[in-house]
Amino acid sequence: MKPYPVLSPQDRPQTVLLLCLLGALVVTGLPAPLAWGSSPLSIPATIYHADQDPQVKVALDDFYNLEYDKAVSEFERIEKTHPDDAFAVVHVLQATIFRELYRLNLLDTTLYAHDGFLSGKAVTGDPEVRVQVDQLTARAVRLCDVRLAKDPNDVEALYVRGVARGLKSTYVALVDKSFLAALHSAVAARRDHERVLQIDPKYVDAKTVVGAHNYVVGSLPMPVKVLAGLAGLGGNRKRGLEYLQQASKEGRESRADARVALAFFLRREARYDEASEVVETLTKQYPRNFLFALEHCNLLKDGGKGPEAVSCYEKLLEGAKFAQFANPHTEFAAFGLAESLRGQKDYEGALRNYGFTANVPSGQSSLRQRAELAAGEMYDVLRERDQAVIQYQAVIAQDNSSAQAAIARKLLREPYRPE
């Protein structure tokens, strides 16, 4: 009998990343033709079709434009009219969770490109939101379970139950950093959606979550992939991308989510032009979404188009000044601009923007630490050693156990020099 695979130190962060991604990626899509009655125990005289409700479309547009307060209010009004409709309940859950994640600065993809996120501490979420998340998830799952008790092959109930479980795993993974707990819900969500596709292969919306999971597991190092297989989680990168491409074109409400995941994975594959094409469709459809516009700039930066990235970030920050976006978190754009200017050897310009990022009062702590460390490096490049030392000390004081603190301690002994 072969022993279980042993994870090398470089594989361990990816193991945790698996848990996070399975819990946190692409779980907002909801089925299109979901029809729930006013009572789950009886066949209603009039069937409510949420996808045909114009109020739902308005609320979804607000949701994807980051107008979360408006979206929550609109979804709550719909849910009060249809209290036994799992679709309506999950929409409230969706908007409630993502409003909180955005408030906590947890939705920019830049945060998840570094292992510091994996080792970071749980953030302090609103306790009232936690109660709402638990209650709404339980209600949605209960409504679906009633339907499934009557018909185990009810694809709509399976789909919505998977969405509810996936949303719960998102909250637990990103806020609590409790990846094992998130994995439990994420795996249950995937199983629900895989069952949907077994019953109805044309139910394209289900391919969003299943596709994301396939890509993630298929991308893991072999030891981690074997462990995932032992847990019953198979994966194939090519199939994952194919599923997401299909859902992004043919899905209904999950189309936007499929495009978000597809762009994220294409970026990971270094297929920056393709990812930009996907993101461009999102920015055109949701012009007030700051994160979609930010991702366009990030792709230019990561694709090696430095001058274009600088222009993009500057335009983004200018638009934020004139209220082009809903509640923009400009520190992320400033950090991206700083990185782009640094790549162009404009160290003074980079320093200004790192400083802006580090001094946003409500900014994400790990981003602030990265900005402070980078600011110290810029001071060293500019031969202002005393200021560099102050920055490195600030990094250590903020979180002595972080990867950035370890680098800062090294740079206190020896000044940073660009390669």
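The values are calculated or read from the model by the stated rules, or taken from the named source; none is laboratory data. Quantities reported herein were computed from a predicted structural model and do not represent experimental measurements. Backbone-built Cβ (ideal geometry, glycine too); neighbour counts: all protein chains shown.
The residues listed here are A320, A326, A334, A338; of these, the one that is in contact (Cβ under 8 Å) with a residue 40 or more places away in the chain and of a type in the set (A, V, I, L, M) is A326. For the range 95-111, does any single residue satisfy the condition of being modelled with pLDDT of 95 or more and surrounded by fewer than 20 Cβ atoms within 10 Å (Cβ to Cβ)? Checked the range 95-111: no residue is modelled with pLDDT of 95 or more and surrounded by fewer than 20 Cβ atoms within 10 Å (Cβ to Cβ).
Kindly evaluate G240 against the criterion of being small (G, A, S) and in contact with a Phe, Trp or Tyr (Cβ under 7 Å, 6 or more places away or on another chain). Here the answer is yes, as G240 does meet what is asked.
Restricted to the range 386-408, and to residues there that are among the small types (G, A, S) and outside any loop (DSSP other than H, G, I, E, B), the residue that is modelled with the lowest pLDDT is A403.
Residue pairs whose Cβ atoms lie under 6 Å apart, sitting 6 or more positions apart in sequence or on different chains, and linking a residue in the range 60-76 that is hydroxyl-bearing (S, T, Y) to a partner that is part of a helix (DSSP H, G or I) and surrounded by 21 or more Cβ atoms within 10 Å (Cβ to Cβ), are Y64/A256. Among the residues of the range 166-200, the ones that are of a type outside the set (S, T, N, Q), more than 17 Å from G235 (Cβ to Cβ) and at pLDDT 95 or above come to 5 in all.
Within the range 346-401, the set of residues being among the basic types (K, R) and touching a residue at least 40 places away in the same chain (Cβ under 8 Å) comprises R370 only. Taken over the range 145-159, the residue count meeting the criterion of being within 10 Å of A86 (Cβ to Cβ), charged (D, E, K, R) and touching a Leu at 6+ places or on another chain (Cβ under 6 Å) is 1. Total residues in the range 247-289 satisfying the condition of being under 19 Å from F332 (Cβ atoms), buried (at least 23 other Cβ atoms within 10 Å of the Cβ) and β-branched (V, I, T): the figure is 2.
Of all the criteria given as (1) among the basic types (K, R); (2) within 29 Å of F87 (Cβ to Cβ); (3) in contact with a helix residue (DSSP H, G or I) (Cβ under 6 Å, 6 or more places away or on another chain), the one not satisfied by R237 is (2). Is it the case that the range 365-375 has a residue that's within 25 Å of T109 (Cβ to Cβ), among the hydroxyl-bearing types (S, T, Y) and in a helix (DSSP H, G or I)? Yes, the range 365-375 contains at least one residue that is within 25 Å of T109 (Cβ to Cβ), among the hydroxyl-bearing types (S, T, Y) and in a helix (DSSP H, G or I).
Within the range 298-327, restricting attention to residues that are in a helix (DSSP H, G or I) and among the basic types (K, R), which residue is surrounded by the fewest Cβ atoms within 10 Å (Cβ to Cβ)? Give the derivation first.
Filtering the range 298-327 for residues in a helix (DSSP H, G or I) gives 298-302, 306-321.
This time we only want the ones that are among the basic types (K, R), so: 301, 315, 321.
Numbers: K301: 21, K315: 14, K321: 9.
So the residue we want is K321.
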